[in-house]
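Notes to accompany the following structure.
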Amino acid sequence: MSGDNEVIGRIVEMIKHVGPRNISEIARLLDLPVETVRYKVKKQLIERGVLICATVNYERLGLWRYWLNLSFTRDARVIARDLLRILANRGYLIYYTEILPKDDFLSMISLPPKYENDYRELLDELIKMGILSNYSLHKVKQIRYFSMRQEYFDFKTGTWRVDWSKVKAAPICVGDLWEPQLNEKVDIFDIMIVEALQRDAFIPP
């Protein structure tokens, strides 16, 4: 990476540490003009399709993440996605994907630990109703976040140029272990702010 690509790469790396909104701080840390940083972030990153998302520290909010595998009965498969959307709005679900060719759904929920038994009771009730044929619920104790490897991306052409020899030689990293931390200062307004930042990391404070 050289020239303009190198500058943008440095900006991307700094965004990982201080976030995308503090343009003046990024400029100060990289010793670059503020307008240069603003142009490259707004024009050369966002308008070229580089997505900048906020990563939520669920544990600081007192939430524990769980992998939830759902097997729907044959009759209920037609409403599977509708039910998942309801769980996303009301039932702590933050992610789901369909597993092919099994027609199962792998999902993740972020749940206050004290509600784990209640959630299992809900899932058991869905089995009794003939909606689910089976499910499994497991705590996520380790996770690793993958962010952009800007050193392998050509910002001028918008294409990836991956040096696989460097990728294979890179050290293997594992995720962090954690425990949910009860934070009684967190309220509904904090949750709404988190939701907004997940939708748009550039939303003003």
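The values are calculated or read from the model by the stated rules, or taken from the named source; none is laboratory data. Predicted, not measured: the structure shown is a model, and the values here were computed from it. Cβ sites come from the backbone with ideal geometry, for glycine too, and all protein chains shown count toward neighbours. Quick note on the areas: whole protein, heavy atoms, side chains included, nothing else; ligands and nucleic acids left out. Shrake-Rupley method; radii C 1.70, N 1.55, O 1.52, S 1.80 Å.
Potential lengthening of the chain between residue 195 and residue 53 amounts to 50.0 nm, from the contour at 0.36 nm per residue minus the alpha-carbon distance.
Within the straight-line cut-off of under 18 Å between alpha carbons, the aspartates and glutamates reachable from residue 102 are 75, sequence neighbours fewer than 8 places apart in one chain being disregarded.
Proximity of backbone amide H atoms, modeled 1.01 Å from N, is registered between residue 111 and 64, 65, 66 at under 5 Å, excluding neighbours fewer than 5 places apart on the same chain.
By the rule of a C-alpha distance below 26 Å, with chain neighbours fewer than 8 residues away ignored, the lysines paired with residue 156 are 16, 40, 42, 43, 166, 168. Kindly identify the stretch 1-122 as rounded, prolate or oblate by the Cα gyration tensor criterion: order the square roots of the eigenvalues as a ≥ b ≥ c, call it rounded if a/c is under 1.5, otherwise compare a/b with b/c, prolate if a/b is larger, else oblate. Prolate, because a/c is 1.5 or more and a/b exceeds b/c.
When the chain is treated as a GNM with alpha-carbon contacts under 10 Å, the residue of 20, 33, 112 showing the greatest mean-square fluctuation is 33. Taking chymotrypsin sites (Phe, Trp or Tyr not before Pro) as exposed when DSSP calls them loop (any state but H, G, I, E, B) and at most 13 other Cβ atoms lie within 10 Å, what is the longest stretch of the chain free of them, the sites themselves excluded? With a cap of 13 other Cβ atoms within 10 Å, the longest stretch comes to 1-144. Stretching the chain fully between residue 202 and residue 123 yields a gain of 24.7 nm (0.36 nm per residue, less the alpha carbon separation).
Full extension of the segment from residue 168 to residue 133, taken as 0.36 nm per residue of separation minus the current Cα-Cα distance, would add 8.5 nm. Take residue 163: with every protein chain present and a 1.4 Å probe, its accessible area is about 60 Å². Dipole check for the chain: with +1 at the C-beta of Lys and Arg, -1 at the C-beta of Asp and Glu, and the Cα centre as origin, the magnitude is about 480 Debye. Residues whose amide H lies under 5 Å from that of residue 133, counting only those 5 or more places away or on a different chain, are 71, 72, 73; hydrogens are built 1.01 Å from N in the peptide plane. Between amide H atoms placed 1.01 Å from N, distances below 5 Å from residue 104 occur with 99, all of them 5 or more places distant or on a separate chain.
Given the options 136, 93, 22, identify the residue whose Cα lies farthest towards the positive end of the charge dipole of the stretch 1-145 (+1 on Cβ of Lys, Arg; -1 on Cβ of Asp, Glu). Looking along the dipole axis, the top candidate is 22.
Considering only 37, 158, 68, and ranking their Cα positions along the charge dipole of the chain that arises from unit charges at the beta-carbon of Lys, Arg, Asp and Glu, the one farthest toward the positive end is 158.
Taking a straight line from the alpha carbon of residue 139, these lysines sit under 18 Å away, with near neighbours fewer than eight places off in the same chain left out: 114. For the chain, averaging the sequence separation of C-alpha pairs within contact (under 8 Å, six or more residues apart) and dividing by the residue count gives a relative contact order of 29 percent. Report the paramagnetic label zone for residue 34: residues of the stretch 40-73 whose backbone N is under 17 Å from a point 7 Å from Cα along the Cα-to-Cβ axis. From the stretch 40-73, the list is 40-42.
Which value, in Å², gives the accessible area per residue of the chain when a 1.4 Å probe is used on the protein heavy atoms? Provide the component values of the computation, followed by the final result.
Numbers: 13840 Å² over 205 residues.
Here the per-residue accessible area is 67 Å².
Taking the C-alpha atoms only, the angle from helix 116-128 to the longest principal axis of the chain is near 60 degrees.
Of all accessible surface on the chain at a 1.4 Å probe, what whole percent is carbon and sulfur? Kindly include the intermediate steps, with their values, before the conclusion.
On the way: 7460 of 13840 Å².
Within the chain, the accessible surface is 54 percent carbon and sulfur.
Quick one: grab the alpha carbon gyration tensor of the stretch 91-141, order the square roots of its eigenvalues as a ≥ b ≥ c, and give me rounded if a/c is under 1.5, else prolate or oblate depending on whether a/b is larger than b/c. It is oblate, given that a/c is not under 1.5 and a/b is not larger than b/c. Is the shape of the chain rounded, prolate or oblate, going by the alpha carbon gyration tensor and its root eigenvalues a ≥ b ≥ c, with a/c under 1.5 for rounded and a/b larger than b/c for prolate? Since a/c reaches 1.5 and a/b is larger than b/c, the shape of the chain is classed as prolate.
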